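The block underneath contains the structure these notes are about, expressed in structure tokens.
The values are calculated or read from the model by the stated rules, or taken from the named source; none is laboratory data. Please read these numbers as outputs of a predicted model, since none were measured by experiment. Don't worry about glycine lacking a Cβ; one is built from the backbone with ideal geometry, like all the others, and counts go over all protein chains shown.
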Amino acid sequence: MTKTSRYRLGNGLQVVHSRNCATGMAAVNLLYRVGAKNESPEYTGLAHLCEHLMFGGTAAVPKFDSVMVEAGGDNNAWTNSDITNYYDILPFENVETAFWVEADRMQNLLLSDKSVEVQRSVVQEEFKQRCLNAPYGDVGHILREMVYKVHPYKWPVIGKALSDIENVPVEAIKAFYRRYYNPGNAILSVVGNLDSEDVFALAEKWFAGIPCAEMPERTLPCEPTQLSARVKEVERDVPHNMIVKAYRMCGRLDNDYPVCDLLSDVLSNGRSSRLFRNVYAKGNLVASIDASITGDEDPGMLIVKAQLLPGVSFDRVEAAIADELRKVADGDVSQYELDKVVNKYESNALFSNLNNDELASNLAYFEMLGNAEMINEEVERYRATTLGRMADVASALFAESNCSTLYYKARNS
């Protein structure tokens, strides 16, 4: 059981604290409710670019990393479709340093032309390395455009195209920063050997004076129900043919989210999973196979992906995958299989929350979903899954009309 304390500043900043006396290190996590889904279709990749720019410095703290290192700490950040998350790890005696620098860059970030161009270049190179020059690097781009027609999940976090990053003007970046980087759009979580009163006092000291910007409501378009199968074939210079099948699933707060997550585990989590045993190990069909969920706040995807062995047809692999999905939908999963994946989920959840930084990140995320206390209810949500419900969800989830299939062909194969 994770004990938490919660506090809210007058400017809207939400603060969550959990005490951990087992280590001399503390974690300070700042989550902003802004991700790729909050971008304009004209300038995709902007949330990720802003994440990079947040390390560019302020007048008071020109070099963010240097200050953290001098305090004996480390820091990093990441962006997904829903949020941007920053975390600092440092000795709890120096925790105020993290409050200072995070509050400073929340309101005083220097977005000079030089800083923007440096980070723009860094992100452009990342785009080229990950999406243009890496084998299968454009799979995410193609798949999202197939699955989503109106929702902004239709572009990846790194951006829809290299030109979006190249062409976004500095003023658009500044406007994005001013709109989303403010206390009313943020959640501060702190884990370490600290009293909650001290944490809340530090939050007041460093963040209370930052005004909350007006947050115009943006209603994201609701993706229409997919009514028929979607298929696309591309040809690239890659070593193996690949098949990718995406199934539209529910969002993070839906009652069936744990069921979908457990279905992906039954299919491919470990050497005893169904796709590993019956497609990879037995069939002499694929070089690799995997099933996973995107884990999005809004309705996301369950994705099955396989690299084919040379000479194996798409039809054979697709039939083998379809057979395993059909068995799951027909109720072939045993209680032993379900218990195994639930136990593994519980174990992973417990171990991840032993680390201050991961616990701080998780607390901020659950607070964003509604209440940090939900972290103590998540395992029971998974344990509530029954075999009957798993079969019902699988039957609807793996319907042909709910599937988008990408045939990614190796040129000259």
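Overview of results
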{"item": "Hey, residue 217 over 30 Å from residue 3 (Cβ atoms), modelled with pLDDT under 95 and of a type in the set (D, E, K, R) or not", "result": "yes"}
{"item": "Odd one out for residue 212 among (1) over 30 Å from residue 2 (Cβ atoms); (2) in contact (Cβ under 8 Å) with a residue 40 or more places away in the chain; (3) not polar (S, T, N, Q); (4) not assigned by TED's automatic domain parsing to the domain that holds residue 53", "result": "(1)"}
{"item": "Scope region 360-413; condition in a helix (DSSP H, G or I) and closer than 20 Å to residue 245 by Cα; matching residues", "result": "390, 391, 392, 393, 394, 395, 396, 397, 400, 401, 402"}
{"item": "Where a residue in region 167-191 is assigned to a strand (DSSP E or B) and its partner, wherever it lies, is of a type in the set (Ser, Thr, Tyr), with Cβ under 6 Å and at least six apart", "result": "186/32; 191/18"}
{"item": "Residues (among the aromatic types (Phe, Trp, Tyr) and over 16 Å from residue 263 (Cβ atoms)) located in region 337-355", "result": "351"}
{"item": "Number of the condition not met by residue 332 [criteria: (1) out of contact with any helix residue (DSSP H, G or I) (no Cβ under 6 Å at 6 or more places or on another chain); (2) at pLDDT 95 or above; (3) in a helix (DSSP H, G or I)]", "result": "(3)"}
{"item": "Top-ranked residue in region 181-219 [being surrounded by 15 or more Cβ atoms within 10 Å (Cβ to Cβ) and β-branched (Val, Ile, Thr); ranked as nearest to residue 104 (Cα to Cα)]", "result": "210"}
{"item": "Where residue 6 falls short, out of the listed (1) touching a residue at least 40 places away in the same chain (Cβ under 8 Å); (2) surrounded by fewer than 20 Cβ atoms within 10 Å (Cβ to Cβ); (3) under 27 Å from the mean Cα position of the chain (by Cα); (4) in a loop (DSSP other than H, G, I, E, B)", "result": "(4)"}
{"item": "Filter result for residue 116 (surrounded by 20 or more Cβ atoms within 10 Å (Cβ to Cβ), assigned to a helix (DSSP H, G or I), touching a Phe, Trp or Tyr at 6+ places or on another chain (Cβ under 8 Å) and among the aliphatic types (A, V, I, L, M))", "result": "no"}
{"item": "Pairs, first outside the structural domain of residue 19 (by TED's automatic domain parsing) and β-branched (Val, Ile, Thr) in region 95-110, second part of a helix (DSSP H, G or I) and modelled with pLDDT under 95, C-beta under 8 Å, six or more apart", "result": "none"}
{"item": "Any hit, region 287-299, residues being in contact with a Cys (Cβ under 8 Å, 6 or more places away or on another chain) and touching a residue at least 24 places away in the same chain (Cβ under 8 Å)", "result": "yes"}
